[in-house]
Structure formats: C-alpha cells, structure tokens
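Written below as structure tokens is the structure these notes are about.
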Amino acid sequence: MPNIGEFEAWLVGLITGAMEDSSMRLGPVSTIALLLVPLVLLSLVARPRARWAGRDLGKLAAVSHAMARAAESGTTAIVSLGSAGITRATGALDRLQTVAALPILAHVARAAARAGVPLRVMTNDPVAALLAEGVLADAHRRTNTPERAVNSTVEFVGEGRPLAGASAMALPGDHGIAVVAGGLAEEGMLVIGGLLAPSSWGIGGTAGLSQLAGPLLEADGVMIGPELFQAPADLGGSHDTRLAVHGANRLLWTAIAVILVASLAVAAGVPDPAGFLTGR
Amino acid sequence: MRRSLTAGLALATGAILLLDLLIINPSLELLAGGVVELLILLAAAAAVGGAATLAAHHLPGLASGGHDRWDAVMLLGGMGLILMAGLRPGSNGSSDPAVNWLISALLVPIASSLFALVFLFLLGAVRRGLSIGTREATITVVAASVMVILLLPLGGAAGAALATTASWVRDVPLAAVFRGLLIGIAILVSVSAARILLGVGSTDD
Amino acid sequence: MNESPRTDRRAPANAALRVAAPVLALLALLALATLVPPDLAGAALRIESTDRTRANGMDAAFDRLSDRALVLVAFDADLGTYAETRPVVRAAIADLRARGARLAIVSFTAEGRALAVAELSRLQRLGAEDDEIADLGFAGAAEAGLVGAIPNIVPRGAEGSIVEAIRSRGSDLDAFALVLVVSGGDLSVRSWVEQVLPRVPDLPIAAIAPTFLEPELAPYLRTGQLRALLATVPEGLAYVDGIAEADHGRAAAVGALPMLVGLLVALGVMAQSLLAPLVRRSRPDRWRRVG
C-alpha cells in the first residue's frame, strides 16, 4: 500500500536535493530583474486599469485611405518584413521585430483585401513566408474576399541580407504603396530605397538602431525603435498587445526611476550602484 | 488565457531555457542542452526547407518562356554550382577548396559591391526626404551634417579639436539616446516575448 | 512630325545619362582619390586617433597570452560593414600570429562564415600553416548555436594539431585563453556577453566591431566584461599603426583622402538639400494628403 508520508518525504527530498545542487548563475538582483518582466505582465492580466490612448504610430490609421488611392490609380502594394527573419542566424532582438511586423502586415492585408489592391509580401526567411501566407489567408477570410486571395502573394527571395537588398532594388518600382517593417541591417537603405523611394505612399518601421535614418527620410509613416512593437496595439481589438504595452510602460517608468535614483546616488558619492544592480 | 499545443510548447521551452540561464543545476543543464540541440536542428531544417521551396518555386520558370526564365536560370544555376562543389564525390563538404573559392572569389566581392551602393542610396534618401519636408527628416539631416563635419579626417590642431568634440558627442549625447532606445526596445521585446511565453491573450486576433 | 529611329533611341539614353552623371562623377572622384598616394596629403589629413587608450587595451589583452596560447576568433562580421573593420581584423590576426598564438576560427552567422572563408583563403595564400590556424566551421541557429557551442565547439571530423589541442583541454570554450569576436550586427558581442559569460564567467573576450555598435558595447568595456574593444575607425587604425610591421605592411590602410572626398560630397548634398526648400521645390507625385 503506498505510504503518503513516504511519498511526501521523497518529494521533499527531491526538491531539496535539486535546490542543494543548484545555485544562481547571475546575482540575486539580476535574477529578480529578469523575472520582473513576466511578473509585471501577470499583474496586468489580473487588473489592467490604464486607459488606452492611441497615437497613430506609423500612420497605420491612414492605410485604408492609401489603399483606396492605390485602387483608384490601379497600382499595387508591397510589404517587406525586413531581413532579420525568424529562423535566420540573427540576434533575437532582430528576429522579434519580424514577429512584431506580422500584426502590421495583417492590418495592411485587410485594407488591401477590402480595396482590391494586389499585395505582394517579400521576406528572406521561409518560416516568415509561411506565417505571412497564413496572415494573408486570414485577411481575406475576415474581409470575406476569398475571390481576391489570388492577388495576394508571398515571395521568399532567398537567404541572406544582400538578397533582400538586391530583390528590393530589382523591383520595377511601379507599386503605389510600400511598407517596410521589421529588422534591418546594413542593407536597410537598399531595401528602403528600392521599395519606399519609388512608391507614392509608404510606411517604414524598424528597431534596428543603425537604420533609423532610412524610415525617417523616406517614409510617410514612421515607426522607429520601440514604436515598432507599440504600433500594433493601436490597431484596435488586440487586448493582449495593448496589455504588453501597458506592461512595458510600467517597466519603462521603473527603468527611469532606477536611472534617476542611481544617478543621484553616484552624485552623492555612493560607490558603484551599477555594479550592485548588475551583480558585479 | 487560451491554451494550445503551440503556446504550451513555447511556454515549456522558454521556461526551461530561462531557468537554465538563471540557475546552475546539472539536470537542468542537461535538459536545456537537449532543447538547444533541437532548436539547432529546427533551424537547419528551416534553412533546407527554404532552399527547397525556392528551387521548387523557380523550376517551373525554367520551362516557361520570358523574363522569368533567366531569373530562374541564374538562381538555380548558382545553387547548383555550390551544391555540386560541396557534394561531389571526394569533396570535403562545406570546407572544400572549390566551395571556398566560390565564396571568396564570387559571393563576397559581389555582395560587398552591392553594399557599396548604400552611400549613394543614403544621399538619394536625404534629397528625397528633405523634398517631402517632414520635421523628422530635417532634424536628421541637420544632425548628420554636424557629425560629418566633426568626423572630417583633418590633421593638426583643427583635426584634434574636431576629433575631441566627435568623441564627446559619441560618448555623451549619442550614447544617451542610443541607450534610451536600447532600454525601450529591450523592455518592449522582453514583454512581447513574455506575452508569447505565458500565452497571454488570444493567439487569434 | 516624325523623328528618326536613331533620335528616338538616343533620347532615353541621354536622359538616363543625365540622371546618372552626378553618380558617375562621384564614383570617378572617389576612384581618383583612392589612387592618390596616401603620403601626398602629409600631416594635413589624419584618420587614426591620437588617443591610444583602446589600442593599448587590445595590446594589453594580447600581452597576457602565453606562448602558443589557444585563441578563438569568432568571425561574425557583416558584409556591409566589414570594409570598416577589415584592416583592424587583419592586423589583429597578424599580431596574434606574430606572438605565436594558435588560432581557431568559427562563425555563427552565414555572412560571417563567408568572410571567414575569404580571410582563411587569403591567409593560406600568404603561407599560413595548418598548425597555426584551424577552421572550426559554421554553427547555425544564432544564439542557440552559440549556447550549444559552449560545451563543445569542435565539429565532428575536424582534424589537426590545434583541434587535438582543443580536444585535450575538453573541447569547450574554457580551452581558450582568449576569444576575439569580430562582430557584426547579426550576432554581436552583446550575444557573447549575454549568453556565454554567465555560463563561462572567466572567459576573456576582446572585440572588434563597426562604429554603429560602439554605444552598445562601450559599457561592457567599462564593466570589464570585455577585456578590449576597438569599435571606431580612428581607434582601430591607431592599433593598426602600432603593429603594421607584424603584417609586413600588408594590412590595407584606409585612405584619408577618399574618406575626406566622400564626407565632403555628403556634406554638399545635405547642405544643398537643406537649402532647396527655400525655392519651394516639392514632389508632386507623392500623395501628400494621405495620413
């Protein structure tokens, strides 16, 4: 007959044994800072109270109007998901920009489907291409325009950032609307120059810090830095995305408070608050 | 929160890797090592799948006439050349001298020359951006002009003064703006990643 | 009124030439500036920094290496920014070889691997032996590949005296006395600090990076997480100056005159573009009222 007491003792022994074999890799402060993010998010799941005030980042609200103009003039729309991809050998910060660009693609795809504007999506990652195909199919389903799905295409241009730049430069430049959203690197100006420059209206968004000049110079709607992750929350109906921005706002205020307090501490002569915070 | 297989997998693998970063434990290290091996295999599978998709997409173009045929010839020809060099009998695979030659004599110079156009595209973007006349473009170009002056490679006392000022601009205001952006991006990214890991909210918008 | 076919064909060609003329003139000017001997400008032009702090830091990091030390060169440069760091990277590799270090080269990005292959080919042409440099190949999957390489960085089937030396020390990153990261934007030194240092805290890391990574990486140098960092052209060339002899003068110099020409052209274009709105020129083909 199983003995509950013995089982409990075994379980406690297993847990304490695991704890004895374990130690913190980073210092306690760094560990708490890393765990702070999911904790803040979970707290918001329970009680999100802040009022949402949209700012129309990237002029996403004007996409429908632009699509109507494109339909009148008989031109097409092109969306580039950047060149970081999702499974490519790039940094995580870059790849998450591609994920952040998918809701933007969904918004543009729905507007294109409603207006009947042919939409072409370009990416240099096969998994991003698969996800984009799903987004386009969903857009036509939601707008009840399955007969227009044949006009929406996704193109995998091949692996590599140079290919993304070359593909953009090789376009004939007869598209009316261009959207470049996602991770960009040194080929960013080639992608932006090939897509946004010949277009009649365009949106440019990237969190790649070395490429912020491109969207600022060429795009009508701009999302730079954190705005690429915040903008989808303005698109409406996406409660979890707004939740993420609320959570991020709380962490941003926390970061600002930490910087101010630590700066005052340094000014007051406290030695190395940064070392304490980073566990060094 | 709606649970699904995908969200569950993301939660499980993300939690294991996060815990492995935070805690030193032999069993956890073993488990995380297995997950990392799986991730590497998945990335390799995605790369192979992508190459196969590309080839499959362009093969019909070979049969059809017109402009698409030459695009397909160039692309499939290039892929075939590298594959033959690496997979032929007696080859050393990816470190074979033939593959190395193709990369160092063709791929690197061609791709590098492509990036040499970035300077020209940037100048064109400056002209187009200022012709639109947005405030952001004007501020960007004014700031860039100031930095270009500071970075002029002049010698003597004037050059030293410019270099000192450039270093100060890089170390103080530029670093402050970059770090502010980095902190903001890092927080947004980590919250987005945590949202995916925790499966917060609907996955079907 | 009918024009002759030859006039018809020439008109678009002339229009294209008019558009391309400024670009062609700029390219010709840059090419001429490249051909001018660097010594011609004398002391009037100077790129390398007079502040040798970071160059000395790299020297100090290399000075700590014992004879025949194993050094891992993580080659993850970008094709677009490698032109900026190439002289520094070549000088650093030459410096390490001159000090007797045994180098192992690995890449975690596709572009880095392509550039590593090109550099290895160059080194072989210059006479590098197999017992001086080992090729550890390419490990994909970005950060996952980097973390996976921590316990075992030697690919199956790799051979050679350096590979055997790495295997004899456990095949992990602890086998190396120093890691020199040739950084690009895809998988920068930050990934090494974030993923590798928490797991291998005593591993010395030095880095060569393009200028746009400088604000991101400078704090790591101050905290000691990086032993050395060369992240701008002036400080990189200050380092190259100091060890030019180690590469028998082969490290390609960055010309000050072409750089000056390029910067002046950029300045001129920006100034002209800033002043142009004074004559109220705009692009009528943009949809100004949308959004």
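The values are calculated or read from the model by the stated rules, or taken from the named source; none is laboratory data. Just so we're clear, the structure is a prediction, and the values are computed from it rather than from any experiment. Backbone-built Cβ (ideal geometry, glycine too); neighbour counts: all protein chains shown.
Tally time: how many residues in the stretch C:192-229 are surrounded by 23 or more Cβ atoms within 10 Å (Cβ to Cβ), farther than 21 Å from C:LEU70 by Cα and more than 13 Å from chain B (Cβ to nearest Cβ)? Number satisfying all stated conditions: 1.
Whenever a residue of the stretch A:256-280 is farther than 23 Å from B:ILE185 by Cβ, it has no partner that is at pLDDT 85 or above and outside any helix (DSSP H, G or I) lying with C-beta atoms less than 6 angstrom away and at least six residues away or across chains.
When you look at B:ALA125, is it modelled with pLDDT of 90 or more and either within 21 Å of A:ALA185 (Cα to Cα) or more than 14 Å from chain A (Cβ to nearest Cβ) (or both), yes or no?
Details: modelled with pLDDT of 90 or more: yes; either within 21 Å of A:ALA185 (Cα to Cα) or more than 14 Å from chain A (Cβ to nearest Cβ) (or both): yes.
Yes; evaluated as a whole, the condition is true for this residue.
For the structure I just gave you, tell me whether A:GLU159 is within 10 Å of another protein chain (Cβ to nearest Cβ), in contact with a Leu (Cβ under 9 Å, 6 or more places away or on another chain), acidic (Asp, Glu) and free of Cβ contacts under 8 Å to residues at least 40 places away in the same chain.
Against the criterion (within 10 Å of another protein chain (Cβ to nearest Cβ), in contact with a Leu (Cβ under 9 Å, 6 or more places away or on another chain), acidic (Asp, Glu) and free of Cβ contacts under 8 Å to residues at least 40 places away in the same chain), A:GLU159 does not qualify.
Checked against (1) crowded, with 20+ Cβ neighbours inside 10 Å; (2) more than 10 Å from chain C (Cβ to nearest Cβ), B:TRP168 passes all but condition (1).
Considering each residue of the stretch C:103-140, count those that are over 18 Å from C:LEU180 (Cβ atoms) and without any contact (Cβ under 8 Å) to a residue 24 or more places away in the chain, and give that number. Break it down into steps so the answer makes sense when it comes.
Keep residues of the stretch C:103-140 that are over 18 Å from C:LEU180 (Cβ atoms), which gives C:110, C:114, C:121, C:124-127, C:129-131, C:140.
Pick out the ones that are also without any contact (Cβ under 8 Å) to a residue 24 or more places away in the chain and you get C:121, C:124-125, C:127, C:129.
Total meeting the criteria: 5.
Of the residues B:VAL177, B:VAL118, B:VAL146, B:VAL191, only one is on the phi < 0 side of the Ramachandran plot and touching a Phe, Trp or Tyr at 6+ places or on another chain (Cβ under 9 Å); which? Outline the logic, then answer.
Details: B:VAL177 fails: touching a Phe, Trp or Tyr at 6+ places or on another chain (Cβ under 9 Å); B:VAL118 fails: touching a Phe, Trp or Tyr at 6+ places or on another chain (Cβ under 9 Å); B:VAL146 fails: touching a Phe, Trp or Tyr at 6+ places or on another chain (Cβ under 9 Å).
Just a single option satisfies the conditions, and that option is B:VAL191.
Checking each residue in the stretch B:172-205 for being β-branched (Val, Ile, Thr), modelled with pLDDT of 80 or more and surrounded by 19 or more Cβ atoms within 10 Å (Cβ to Cβ) picks out B:ILE185, B:ILE187, B:VAL189, B:VAL191.
Say whether the condition of being more than 11 Å from chain B (Cβ to nearest Cβ), on the phi < 0 side of the Ramachandran plot and at pLDDT below 80 is met by at least one residue in the stretch A:232-247. It would help to see each step written out before you state the result.
Step one: list which residues in the stretch A:232-247 are more than 11 Å from chain B (Cβ to nearest Cβ), which gives A:234.
Keeping just the survivors that are on the phi < 0 side of the Ramachandran plot gives A:234.
Narrowing the set further to residues that are at pLDDT below 80 leaves A:234.
Looking for residues that are more than 11 Å from chain B (Cβ to nearest Cβ), on the phi < 0 side of the Ramachandran plot and at pLDDT below 80, one finds at least one in the stretch A:232-247, hence yes.
Checking C:VAL73, C:VAL23, C:VAL88 one by one, the residue that is on the phi < 0 side of the Ramachandran plot, modelled with pLDDT of 90 or more, part of a helix (DSSP H, G or I) and in contact with a helix residue (DSSP H, G or I) (Cβ under 9 Å, 6 or more places away or on another chain) is C:VAL88 and no other. Considered as a group, the residues in the stretch B:1-16 that are within 11 Å of chain A (Cβ to nearest Cβ) and surrounded by 11 or more Cβ atoms within 10 Å (Cβ to Cβ) include one that is modelled with the lowest pLDDT, and that residue is B:MET1. Based on this model, can you work out whether B:LEU21 counts as assigned to a helix (DSSP H, G or I), in contact with a helix residue (DSSP H, G or I) (Cβ under 9 Å, 6 or more places away or on another chain), buried (at least 16 other Cβ atoms within 10 Å of the Cβ) and hydrophobic (A, V, I, L, M, F, W, C)? The answer is yes for B:LEU21. When you check B:VAL48 against the structure, is it within 11 Å of chain A (Cβ to nearest Cβ), assigned to a helix (DSSP H, G or I), surrounded by fewer than 18 Cβ atoms within 10 Å (Cβ to Cβ) and out of contact with any helix residue (DSSP H, G or I) (no Cβ under 6 Å at 6 or more places or on another chain), yes or no? Considered against the rule, which asks whether it is within 11 Å of chain A (Cβ to nearest Cβ), assigned to a helix (DSSP H, G or I), surrounded by fewer than 18 Cβ atoms within 10 Å (Cβ to Cβ) and out of contact with any helix residue (DSSP H, G or I) (no Cβ under 6 Å at 6 or more places or on another chain), B:VAL48 comes out as yes.
Show me the helices (runs of 4 or more DSSP H) found entirely inside the stretch A:183-280 where at least 1 residues are surrounded by fewer than 24 Cβ atoms within 10 Å (Cβ to Cβ). Write out each step before concluding.
On the way: elements: A:188-195, A:213-218, A:227-230, A:239-267, A:273-278.
Correct list: A:213-218, A:227-230, A:239-267, A:273-278.
Within the stretch A:69-85, residues that are at positive phi have Cβ atoms under 7 Å from residues that are assigned to a helix (DSSP H, G or I) and of a type in the set (A, V, I, L, M, F, W, C) in these pairs: A:GLY82/A:ALA101; A:GLY85/A:ALA128, counting only partners at least 6 apart in sequence or on another chain.
Scanning the stretch A:4-26 for residues that are without any contact (Cβ under 8 Å) to a residue 24 or more places away in the chain, outside any helix (DSSP H, G or I) and surrounded by 10 or more Cβ atoms within 10 Å (Cβ to Cβ) turns up A:SER22, A:MET24, A:ARG25. Identify all residues within the stretch B:148-161 that are out of contact with any helix residue (DSSP H, G or I) (no Cβ under 7 Å at 6 or more places or on another chain) and more than 9 Å from chain C (Cβ to nearest Cβ); write none if there are none. B:ALA157, B:ALA158, B:ALA161, listed by residue number. Criterion first (within 12 Å of chain C (Cβ to nearest Cβ), in contact with a Ser or Thr (Cβ under 7 Å, 6 or more places away or on another chain) and β-branched (Val, Ile, Thr)) does A:ILE203 satisfy it? When the stated conditions are applied, A:ILE203 does not pass them.
When the stretch B:17-47 is examined, which residues are found to be among the charged types (D, E, K, R) and over 19 Å from A:MET24 (Cβ atoms)? Steps first, please.
Initially, the stretch B:17-47 is screened for residues among the charged types (D, E, K, R), giving B:20, B:29, B:37.
Correct list: B:GLU37 only.
Of the residues in the stretch C:42-61, how many are in contact with a helix residue (DSSP H, G or I) (Cβ under 6 Å, 6 or more places away or on another chain) and part of a helix (DSSP H, G or I)? Adding up the residues that qualify gives 3. Look at (1) at the interface with another protein chain (Cβ under 7 Å from one of its Cβ atoms); (2) modelled with pLDDT under 90 and you find that B:THR140 fails only one, number (2). Taking the numbered list (1) within 14 Å of chain A (Cβ to nearest Cβ); (2) at positive phi; (3) modelled with pLDDT under 90 in turn, C:GLU143 passes all entries but (2).
Just checking, which of C:ASP78, C:ASP51, C:ASP130 is acidic (Asp, Glu), in contact with a Gly (Cβ under 8 Å, 6 or more places away or on another chain) and surrounded by fewer than 21 Cβ atoms within 10 Å (Cβ to Cβ)?
Details: C:ASP78 fails: surrounded by fewer than 21 Cβ atoms within 10 Å (Cβ to Cβ); C:ASP51 fails: in contact with a Gly (Cβ under 8 Å, 6 or more places away or on another chain).
Among C:ASP78, C:ASP51, C:ASP130, only C:ASP130 is acidic (Asp, Glu), in contact with a Gly (Cβ under 8 Å, 6 or more places away or on another chain) and surrounded by fewer than 21 Cβ atoms within 10 Å (Cβ to Cβ).
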